[in-house]
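Since every read-out is calculated from the coordinates, none of them should be taken as a lab result. No experiment lies behind these values; they were computed from the predicted model shown. Cβ atoms come from the backbone with ideal geometry, glycine included; neighbour counts cover every protein chain shown.
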Amino acid sequence: MSKMVPVPSAGIIPERDLNSSPILEISHLGITFGGLVAVEDFNLVIGRTEISGLIGPNGAGKTTVFNLLTKVYQQTKGAILLDGVDTKGMTTVQVNQLGIARTFQNIRLFSSLTVEDNVKIGLHNQYKYDTLSGILRLPPYWKAEKQAKERVRELLSIFNMEHMAKYKAGSLPYGAQRRLEIVRALATNPSLLLLDEPAAGMNPSETEELMANIRKIRDAFQIAILLIEHDMSLVMGICEGIAVLNYGKIIAKGTPEEIQSNPEVIEAYLGKQKEDGSDA
Amino acid sequence: MDFILHLINGISLGSIYAIIALGYTMVYGIAKMLNFAHGDVIMVGGYISFVVTANLGLPPAVAIVAAVAVCTALGVIIEKLAYKPLRAAPSLAVLITAIGVSYFLQNAALLIWSSNPKSYSSMFSFEPLRLFNNRLSITSVTIVTVVTGIVVMAALTLIISKTKMGKAMRAVSEDKDAAQLMGIGVNKTISITFAIGSGLAAIAGVLLASAYPIIMPTMGSMPGIKAFTAAVFGGIGSVPGAMLGGILLGVIEIIGRAYISSELSDAIVFSVLIIVLLVKPTGLLGKKINEKV
């Protein structure tokens, strides 16, 4: 792992990413639902090949941040710059084409479709043929479909899932469904991959394998990965920078070592110790 | 021999129902709404082909292309103006809007073409097919209808299962939000669905008017309702279901009219629907709806 260094926009990124601009710069991001402040003054910088984590207690606003990044919600305050481009006012489809892909906390595959078709849907904007060729099955159709099929195989091979191509996505075991979601997200050719609790429901050996695979994906695709996770062994094991969210605000940012010893973080997770020793 | 003829006529009428039902079921599957104006698009298709042949004197092929083009555009416009603004509205509001659009189309047709029924000359006037020493004679319209039905169903099945566009449609139908996050434009996909459904309705309009050669502004409502029934019968949202439902409905209607009672044929059709729904509430090929937890 490369050393983490501070950057001007108040954050840290890996030293190796210093010679290029950060992939994601979030400044003063905020959203309110009615009177409820869900996320407030959220600042984060992510390097081009950084694996970073967003952690915090349940209801802290982590998934809301993902929804803001993918424009499921529009922010009420602040700015999100993806590769220097302000995404304000963009649609979900536009930010996806700009380079953000994600997975979901509760798996949302197209479960009645095959594994192959799920990945092909991720490739939707990567291969093109006109409608007429599609209906009459002219050569452009076959050529594009063949390329897409090869790309699907390549992507599935990341997780050694090629043999599952013809299975229905909904019939896969839970762990394989989670892996397929990552493959489908990668198919959209992102520069920033958002993983919402990728290890949820996985056993320790599966989590171990997932960690190795997340690193492998970062190395192979040279992309940034931001993940939300409750499994601390995973977060501390692979994340280079970590932000801790509580009640919609960042309470700490730093390397895994810094976060683990931060008193505010410990308090957010475990509750404040009262003077008489009982839990608050 | 009579029975075979009735069966063929039933399949022919059923093919028309199936073509219309495909429009209902695709729109329901993707936009999760019942487009009750769909039947009136059939009527528009009938009138456009009538105007092109009878008033402009152009050949039937041009009339069919014109009807399909106008209805495709009409479907897309209806969706943009009437349904798109209500994408987030409760389904009841959308349903009532659809009924409104239906009346709007009927009244617009009344204004343009008046309420007098017009006699429509069939678009397909080749010799009937005679088999078994003239004991079985199949009209040109019946032949064209059955063949069109087969072609439309095969083409649509291929489009939906094998092409990019079809995959986008299935993705949107299953999970709109996830599809958007994969870079699939939901509005575009819904537009395409309406375009295909309305184009098919135009074809159904031409076939229907050729088989039952009278056109009037309300000609679309009964076939529309029957086709909706067919879509529910087969399992709404399911494309093969709409095909199966349409054909079965046509056959039941014609056989019922021939052997049981011509007055009761509609009642028989709807009784069968009720029985099927009692036994299998999701329709013949409908999928079980899984509640999201």
Say we join alpha carbon atoms closer than 10 Å with springs in a Gaussian network model of chain A; which of A:THR70, A:THR188, A:THR114 then has the biggest fluctuation? A:THR114
Percent of beta bridges antiparallel (DSSP, chain A, rounded to nearest 5): 60 percent
What is the total of Lys pairs in the stretch A:35-147 with C-alpha atoms under 14 Å apart, excluding same-chain pairs fewer than 8 positions apart? 6
Give the Cα extents of the stretch B:144-236 along the principal axes, in whole Å, largest first. 49, 25, 24
Computed over chain B: longest principal axis from alpha-carbon atoms vs helix B:265-279 long axis, angle to nearest 10 degrees, is 40 degrees
Rounded D (µm²/s) - the stretch A:48-162, Kirkwood Rh over Cα pairs, Stokes-Einstein at 37 °C, 0.692 mPa s: 193 µm²/s
Give the Debye-formula value of log10 I(q)/I(0) at each listed q (0.06, 0.10 Å⁻¹), with one equal scatterer per alpha carbon of the protein assembly as shown, two decimals each. -0.40, -0.89
Within the stretch B:69-95: backbone nitrogen closer than 20 Å to the B:LEU58 label point (7 Å, Cα to C-beta): B:69-77
Ratio of the Cα radius of gyration of chain A to 2.2 N^0.38 Å, where N counts its residues: 1.06
Tell me, what is the percent relative contact order of chain A, built from C-alpha pairs under 8 Å that lie six or more residues apart? 25 percent
Checking A:GLN74, A:GLN105, A:GLN147 against a Gaussian network model of chain A (alpha-carbon springs below 10 Å), the top fluctuating residue turns out to be A:GLN147
Going by how many other beta carbons lie within 10 Å of each one, how would you line up B:ASP2, A:ASP83, A:ASP41, fewest first? B:ASP2, A:ASP41, A:ASP83
Which of the peptides A:22-30, A:229-237 is most tightly packed, and how do the rest follow, judged by the mean count of other Cβ atoms within 10 Å per residue? A:22-30, A:229-237
Report the one residue of B:ILE159, B:THR72, B:GLY197 whose Cα lies farthest in the direction of the positive end of the charge dipole of chain B (charges on C-beta: Lys and Arg +1, Asp and Glu -1; origin at the Cα centre). B:ILE159
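Quick check: from the Cα gyration tensor, does the stretch A:204-248 come out rounded (a/c under 1.5), prolate or oblate?
Details: a/c = 2.69, a/b = 1.33, b/c = 2.02.
Oblate shape, in that a/c is at least 1.5 and b/c is the bigger or equal ratio.
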At a Förster radius of 25 Å, what calculated FRET efficiency corresponds to the Cβ-Cβ distance of A:ARG137 and A:SER111, to the nearest 0.05? 0.35
Let me understand chain B better: what is its radius of gyration from the alpha carbons, and its Dmax, in angstrom? 18.9, 64
How many nm separate the modelled label positions at A:MET232 and A:LYS3, each set 7 Å beyond the Cα in the direction of the Cβ? 2.8 nm
Here the percent of antiparallel bridges among DSSP beta bridges lying wholly in the protein assembly as shown, to the nearest 5, is 65 percent
Nearest-0.05 FRET efficiency for B:SER115 and A:GLN74, computed from C-beta distance (R0 56 Å): 0.65
Within 10 Å of each Cβ in A:85-98, how many Cβ atoms from other chains are there, averaged over the peptide? 3
Between the alpha-carbon centers of the stretch A:49-70 and the stretch B:121-164, tell me the distance in whole angstrom. 57 Å
Relative to the first principal axis of the alpha-carbon coordinates of chain A, what is the inclination of helix A:174-187, with its axis defined by its Cα atoms, in degrees from 0 to 90 and to the nearest 10? 80 degrees
May I ask you to compute the full-extension gain from B:TYR259 to B:LEU278, defined as 0.36 nm times their residue separation minus their alpha-carbon distance, rounded to one decimal in nm? 4.3 nm
With chain A treated as a Gaussian network of Cα nodes joined by springs under 10 Å, which of A:VAL115, A:VAL93, A:VAL39 yields the largest mean-square fluctuation? A:VAL93
Unit charges on C-beta of K, R, D, E only; dipole of the stretch B:213-293, Debye: 320 debye
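I need the shape label for the stretch B:155-293. Rule: rounded when a/c is under 1.5, else prolate if a/b > b/c, else oblate, with a, b, c from the alpha carbon gyration tensor.
Oblate, since a/c reaches 1.5 and b/c is not below a/b.
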Once normalised by the length of chain B, the mean sequence separation of its alpha carbon contacts under 8 Å that are 6 or more apart gives a contact order in percent of 36 percent
For chain B, the dipole about the Cα centre with charges only on Cβ (Lys and Arg +1, Asp and Glu -1), to the nearest 20 debye, works out at 700 debye
Once both axes come from the Cα atoms, what is the angle between helix B:239-259 and the longest principal axis of chain B, in degrees from 0 to 90, rounded to 10? 30 degrees
Simple spin-label model, 7 Å along Cα-to-Cβ: A:TYR269 to B:SER271 in nm? 7.0 nm
Which of rounded, prolate, oblate describes the stretch B:1-109, given a ≥ b ≥ c as roots of the alpha-carbon gyration tensor eigenvalues and a/c under 1.5 marking rounded, otherwise prolate only if a/b is larger than b/c? oblate
Exposed loop chymotrypsin sites (Phe, Trp or Tyr not before Pro) only (DSSP loop, at most 11 other Cβ atoms within 10 Å): please give the longest stretch of chain B free of them, not including the sites. B:133-293
Taking each residue in B:163-175, count the Cβ atoms of any other chain within 10 Å of its Cβ, then average. What number comes out? 6
